[in-house]
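Asker: Sharing a structure with you now.
The values are calculated or read from the model by the stated rules, or taken from the named source; none is laboratory data. All of these numbers come straight from a predicted model, not from anything done at the bench. Positions of Cβ are generated from backbone atoms using ideal geometry, with glycine treated the same way; all protein chains shown enter the neighbour counts. Only protein heavy atoms, including side chains, enter the accessible area calculation; ligands, DNA and RNA are left aside. Shrake-Rupley method; radii C 1.70, N 1.55, O 1.52, S 1.80 Å.
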Amino acid sequence: NVRATYLLGSMHLSGNLVARDETKGVELIRQAADKGESAAQNTVGVWLANGLRGYAKDEANALAWFKLAAEQKNAAAMGWIGNFTEHGKAGIAQDYLLALDWYKKAGELGNLAGMSNAGRLYALGRGVSADGSEALNWLRRAAAANYYEAFQWIASVYEFGRGGIAKNPVLAYAWYGA
């Protein structure tokens, strides 16, 4: 079972219920990724994107792993593709509208970073006209799950009156302090 292989690898990395063994954990997760387990594919992508767990930093290879995971509706991988697209990484042309699409796909699957990033792009008007109402819609969904970054962006929308939302220093202060 590839999911079990991935979970066992994660357990070895953390030392949860088994002896901590990074080499074995990395090996098991890579085996699961090679066999098509989407969470493992995303994990290998993260390692490659950041040069972690013995992998050299290789954004192009990371993107390939994220795409494999995203094809299986892995929300975290979709968020990573959004990030690569927003920032023009791995040879991808920077495209805010396409990044927003990836963030929204991730957010619709419950990924809090995707929700927050979609809200941020709407607030800043990147890829679309600034839309404070749509920004707050996405940001409040992430904030409802206590995603800290969303609180900061909601405050920013009210502090600066982003996307047609009236400036409201009282609400901004409340969100910054939340």
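Asker: May I ask you to compute the full-extension gain from residue 94 to residue 108, defined as 0.36 nm times their residue separation minus their alpha-carbon distance, rounded to one decimal in nm? Display every interim value, and only then the final one.
Answerer: On the way: separation 14, 0.36 × 14 = 5.04 nm, distance 2.24 nm.
Extending this stretch completely gives an extra 2.8 nm.
Asker: What FRET efficiency comes out for the pair residue 126/residue 35, r = Cβ-Cβ distance, R0 = 35 Å, nearest 0.05? Display every interim value, and only then the final one.
Answerer: Values: r = 37 Å, r/R0 = 1.07.
Efficiency, rounded to the nearest 0.05: 0.40.
Asker: Using alpha-carbon pairs under 8 Å, 6+ residues apart, how would you state the relative contact order of the chain in percent? Display every interim value, and only then the final one.
Answerer: Working: 328 pairs, mean separation 18.9, N = 178.
Dividing the mean separation by the residue count of the chain yields 11 percent.
Asker: If you don't mind, another one. Quick one, what does Rg over Rh come out to for the stretch 1-117 if you take C-alpha atoms and the Kirkwood Rh? If you can, show how the numbers build up before the last one.
Answerer: Numbers: Rg = 14.4 Å, Rh = 14.3 Å.
Dividing the radius of gyration by the Kirkwood radius yields 1.01.
Asker: On the protein heavy atoms, probe 1.4 angstrom, tell me the percent of accessible surface of the chain carried by carbon and sulfur. Show your work: numbers first, answer last.
Answerer: Details: 4530 of 8740 Å².
After summing per-atom areas, the C and S share lands at 52 percent.
Asker: Just how far, in whole angstrom, is the stretch 108-143 from the stretch 2-29 if you go by their alpha carbon centroids?
Answerer: The stretch 2-29 and the stretch 108-143 have Cα centres separated by 35 Å.
Asker: To continue, here is another question. Rounding to the nearest 20 debye, state how big the charge dipole of the chain is about its Cα centre with +1 on each Lys and Arg Cβ and -1 on each Asp and Glu Cβ. If you can, show how the numbers build up before the last one.
Answerer: Details: 18 positive and 16 negative charges, 39 e Å.
The dipole of the chain has a size of about 180 debye.
Asker: For residue 165, what residues show an amide H to amide H distance below 5 Å, using hydrogens built from the backbone and excluding near sequence neighbours?
Answerer: It is 132, by chain and number.
Asker: Which number gives the lysine pairs in the stretch 42-178 that have C-alpha atoms under 21 Å apart and are eight or more places apart or on different chains?
Answerer: 9
Asker: If you don't mind, another one. Can you give me the accessible area per residue for the chain, using a 1.4 Å probe, in Å²? The partial results should precede the final answer.
Answerer: Working: 8740 Å² over 178 residues.
Solvent-accessible surface per residue comes out at 49 Å².
Asker: Find how much the distance from residue 167 to residue 145 grows on full extension, using 0.36 nm per residue of separation minus their present alpha carbon separation; answer in nm with one decimal.
Answerer: Numbers: separation 22, 0.36 × 22 = 7.92 nm, distance 2.48 nm.
Residue separation times 0.36 nm, minus the Cα-Cα distance, leaves 5.4 nm.
Asker: Another one. Once both axes come from the Cα atoms, what is the angle between helix 75-87 and the longest principal axis of the chain, in degrees from 0 to 90, rounded to 10?
Answerer: 60
Asker: With r as the distance between the Cβ atoms of residue 64 and residue 17 and R0 = 45 Å, compute the FRET efficiency 1/(1 + (r/R0)^6) and round to 0.05.
Answerer: Working: r = 32 Å, r/R0 = 0.71.
The formula returns an efficiency of 0.90 here.
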